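What follows is one structure encoded as structure tokens, with my remarks underneath.
Nothing in this text is a laboratory measurement; each read-out follows from the coordinates by a stated rule. Source: prediction; values computed, not measured. All Cβ positions, glycine included, derive from the backbone under ideal geometry; neighbour counts span all protein chains shown.
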Amino acid sequence: MRLPLLAALLATVSPMPLLAQQPTTDPTPETDQAMDDNDPYIWLEEFSSPRALEWVQTHNAQTVSRLTADPHYQGFYDDALAIAGAKDRIPQPSFLHGEIFNFWQDETHLRGIWRKTSLADYRTDSPSWTTVLDIDALGKAEGKSWVLKGIDCLEPEERRCLISLSDGGEDAVEIREFDLDNGTFIADGFQLPRGKHRIAWEDADHLLVATNLLSFSFLTNAVGMVLPKPLIAPWFLLLVFWTPINLFQTLRGGYGSSILGALLKSSIVWIMSFTAFAILVVGLMIFTLYQM
């Protein structure tokens, strides 16, 4: 059985807001509440909230307006775009698994393709490339805005690789194991759910993983790791749909439960989640100590 080892337990990390510029007006009464933490912009931590997105779009529009007003802007933009998408630029090579690999982006491959060729072919004026992984096609097929964040291959064979994919370019990534010989993701290979991971190969069957164990996304996905495969899908359906729906309906009196009863039922579900998660962590720690 292939198991990732937990090398470290990282504390919860809150992303720092990136401010385009200081607002021209004083904080509104709505932000005064956040002053308790000496940070009037704490609400920007919820980076996907409508309010935060509106703030970003507003400041982006101001920045774009100032840039485009400069008479040099369009010329600089056109030149930079032409250079970035030039077909005759030198493809940066990476020696991997006995071949030359290159990650390439242009106007038809906005998110990029990972491709390969032989050393002899690379030395020619027009190398013949074979696409290994098309990030644009993968995102379209899965309904995601995938961005390639990293590739880590197991030495010395360099056949099995861990591919880090970010949805929309965020810091958190999903990690999947990829087979270079077959050019496909391995169905029963390593897969880590979305999170801020740090990983390293120990051998073909073990990983060293450091991640944010306190994040909701990792917590809910980690519980599935300790369940038999036939129960994983029902578990996530229960977790994602039943808990909030049941809580809402009980609070509204759909089942005739009191508020206390609704909270009790929800608490039972989450106690089960944390218990399963604790068993997972303890089991992995024991396994790690046993390997030392």
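Some observations on this one:
- Directionally averaged shadow of region 70-178, computed from the convex hull of its alpha-carbon atoms, nm²: 8.7 nm²
- Cβ crowding within 10 Å averaged over residues, with 203-209, 59-65 ranked highest first: 203-209, 59-65
- Here the residues Glu170, Glu142, ranked from fewest to most Cβ neighbours within 10 Å of their Cβ, fall in the order Glu142, Glu170.
- Residue exposure sequence - Glu155, Glu46 - by fewest surrounding Cβ within 10 Å: Glu155, Glu46
- Note on region 43-89 and region 276-290: Cα centroid distance 46 Å, given to the nearest whole angstrom.
- Highest to lowest packing among 75-81, 130-136, scored as the average C-beta count within 10 Å: 130-136, 75-81
- Karplus 3J(HN,Hα) series, Hz, for region 115-127 with 6.51 cos²θ - 1.76 cosθ + 1.60 (x for Gly, Pro): 9, 9, 7, 7, 4, 4, 5, 5, 6, 7, 6, 9, x
- Under-5 Å amide H pairs with Val132, H placed in peptide plane, nonlocal only: Trp114, Arg115, Lys116
- Sequentially through region 188-196, phi angles give Karplus couplings (6.51, -1.76, 1.60; θ = phi - 60°) of 9, x, 5, 9, 10, x, 3, x, 9 Hz, Gly and Pro residues having no value and appearing as x.
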